[in-house]
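Asks: Here's a structure for you.
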Amino acid sequence: MAAFTLLCGVLAGCRAPDVPGFGPSPAASTPVGGASDHSSSAPTSGGTAELYIGTRASGFVQHPMDYEGDLTPEVLIQGIADLTGWDLTLADEVTTGKGGMSVCLSAQSALFVGPPDPQKDRFRVYDGEQLAEIILDSIQKTLQMGFTGEGGDPDALDIYYFLEGEKPLELPNLGLSWPIDQPYQWPA
């Protein structure tokens, strides 16, 4: 059901449909350490969140990030961008619901145009495949850890990636694509 609801949202655009439990992230986001059912709760008013940079295959390094205002998926993604120097421009707000979160990446993001020049030494990548895997895995892990409550299973929060124009995420130069109705997972 969650995949169907998410698919309907993709067909209508990057935003999820007006179904209970789905909506733009500011109203539906759960602060770090919040409820494990991914439901709405009172927004936080600043604090420290953790960013996870790396890949599932090689591991992640945690980086604390101070923020002001409400903690939203967009705040965490912008934190990754600020820390690494990668352009992580989104095409639309991240949507959340019981089935997970969907992230619409812009065609101007580093995923498609490459890393900044010059790169930050601690976040240097050497090819497009390495950049794609670290961007997608880092966003996925950061959102999972940031929006799964204490005692919850971060891997139970599915992350879906989409492109502008209701298109599935495709990286033709790498021969990779992810269907719009399947949660993201980097191929083994």
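Laboratory data are not the source of any read-out in this text; all were calculated from the coordinates shown. These numbers were taken from a predicted model, which means no experiment stands behind them. Cβ coordinates were reconstructed from backbone atoms using ideal geometry, including for glycine residues, and neighbour counts include every protein chain displayed.
Asks: Could you sort 166-173, 67-74 so that the peptide with the highest average Cβ count within 10 Å comes first and the rest follow in order?
Replies: 67-74, 166-173
Asks: Using packing as a proxy for protection, rank 119-126, 135-142, 156-163 so that the peptide with the highest average count of other Cβ atoms within 10 Å comes first.
Replies: Descending packing order for the listed peptides: 135-142, 156-163, 119-126.
Asks: Using alpha-carbon positions, what is the distance between the centroids of region 62-78 and region 154-188, in Å?
Replies: Between the Cα centre of region 62-78 and that of region 154-188, the gap is 23 Å.
Asks: Karplus couplings for region 108-114 from phi (6.51 cos²θ - 1.76 cosθ + 1.60, θ = phi - 60°), rounded to Hz, Gly and Pro as x?
Replies: Once rounded to whole Hz, the list reads 8, 6, 4, 4, 10, 9, x.
Asks: Let me ask you something else. Based solely on C-alpha atoms, express the radius of gyration and the Dmax of region 34-188 in angstrom.
Replies: 14.9, 43
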